[in-house]
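J.: Pasting in a structure now, in structure tokens, and then I'll have a few things to ask.
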Amino acid sequence: MIQLLVPTITNPFFPKLIDCFSKEIDQYGYATFLSVSKSSKSEELKCVQRAREFSADGIILVASTDDCDHITAMKNYGIPMILVNRSWDLGLPSVTNDNFFGAYKAVEHLILHGHRKIVCIMSDISVQHIRERYAGCLQAFRDYGIGSEGGVFIQAQSTKEVYDKTCRALEENHDVTAFFVASDWMAMGVYSGVIRGGYSIPKDISVMGFDDVEDSAYMIPPLSTWHHPIETIAQIAVKKLIDHIEGRETDWDGKIVIHGRLIERNSVCQIGPAPEKIKKESGPLDPINFSESV
């Protein structure tokens, strides 16, 4: 039996993750023991304690926080554990999406379609994978010579907040031509805000997502996005965990990073020529602060 521990099932990304992992686990003749931590560190500990009580053979952990002190306690329970979508130097293996690269390519896609005033909407930047996506956006803006006047960052934690801040962004910045949302679940709020402002997608406003959840293909218009390679992540993580359980895995604590791919649909429009990348020496990223109001 393998415990699959996730923070929530309300985010549409996680049902897809659960489906991919349970199918892979089933192929090896193991049962999936699903646990939901409700994005709570204490609940994660309780879930792992239950896994020990039920004599789980291994744990696949999608952690809910970057505070990883409790992960060490989980490790000490002696159940083989692999991290997914998080990576820390704790002597545990991990399989993650390349969030930096994906966000970079998503924002670059907008820039290459002529967009120079782009609003990036993200959730909690204190969380590792969102912080990596933020850094990818910054690097894309930097590489194409777009500073704080062109790259605007907003934090939002709910669809309603995304909607409200999209409306405000369009009211206060009439030169905005594109939005990048760091998770596809945010796109619905952006779509509603754009329509509320009297604009159309992609004729007036382009929208680019991240994750490629199933619903994104059925939005109107279908959402262009960055495909989070959860199928590949599931294949690699499950095989690595079960090989370790059954004594075949030797490189146990390695870190594996998987690239996704760009999914072009109908939510991004070409509005100008594609700029050339600026040649610059590598160095620290120029800081662009999040704003509560654009």
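The values are calculated or read from the model by the stated rules, or taken from the named source; none is laboratory data. Bear in mind the structure is a predicted one, so any value in this text is a computation, not a measurement. Cβ: placed from backbone, ideal geometry, glycine included. Neighbour counts: every protein chain shown.
J.: Kindly check whether there is at least one residue in region 139-160 that is among the acidic types (D, E), more than 12 Å from S206 (Cα to Cα) and part of a helix (DSSP H, G or I).
T.: yes
J.: If you go through region 200-253, how many residues are of a type outside the set (D, E, K, R), farther than 22 Å from I271 by Cα and either part of a helix (DSSP H, G or I) or touching a helix residue (DSSP H, G or I) at 6+ places or on another chain (Cβ under 6 Å) (or both)?
T.: So the count comes out to 17.
J.: Now, a different point. Confirm whether G136 is farther than 21 Å from F14 by Cβ, small (G, A, S) and more than 17 Å from the chain's Cα centre (by Cα).
T.: No: the conditions fail for G136.
J.: Within the group I71, I125, I79, which residue is outside the structural domain of G147 (by TED's automatic domain parsing) and in a loop (DSSP other than H, G, I, E, B)?
T.: I79
J.: Sticking with this one: So I25 fits all but one of (1) surrounded by 18 or more Cβ atoms within 10 Å (Cβ to Cβ); (2) outside any helix (DSSP H, G or I); what number is the exception?
T.: Here I25 clears every test but (2).
J.: Ok, one more. Please work out which one of (1) at pLDDT 95 or above; (2) among the hydroxyl-bearing types (S, T, Y); (3) farther than 18 Å from K117 by Cβ is the condition T166 fails and give its number.
T.: Condition not satisfied by T166: (3).
J.: In contact (Cβ under 8 Å) with a residue 12 or more places away in the chain and more than 14 Å from S183 (Cα to Cα): is that true of F141 in this structure?
T.: It is true that F141 is in contact (Cβ under 8 Å) with a residue 12 or more places away in the chain and more than 14 Å from S183 (Cα to Cα).
J.: Considering region 61-89 alone, what residues qualify as being out of contact with any strand residue (DSSP E or B) (no Cβ under 8 Å at 6 or more places or on another chain), without any contact (Cβ under 8 Å) to a residue 60 or more places away in the chain and crowded, with 16+ Cβ neighbours inside 10 Å?
T.: Matches in region 61-89: S64, C68.
J.: For L34, all conditions in the list (1) buried (at least 19 other Cβ atoms within 10 Å of the Cβ); (2) among the hydrophobic types (A, V, I, L, M, F, W, C); (3) part of a strand (DSSP E or B) hold save one; what is the number of the exception?
T.: (1)
J.: Collect the residues in region 211-224 that are in contact (Cβ under 8 Å) with a residue 60 or more places away in the chain and within 13 Å of N11 (Cα to Cα), keeping them in residue-number order. Don't jump to the end; show me each part of the working.
T.: Initially, region 211-224 is screened for residues in contact (Cβ under 8 Å) with a residue 60 or more places away in the chain, giving 211, 213-215, 224.
D211, V213, E214, D215, listed by residue number.
J.: Oh, and also: Out of the residues in region 257-294 that are modelled with pLDDT of 60 or more and among the acidic types (D, E), state the one that is nearest to D98 (Cα to Cα).
T.: E264
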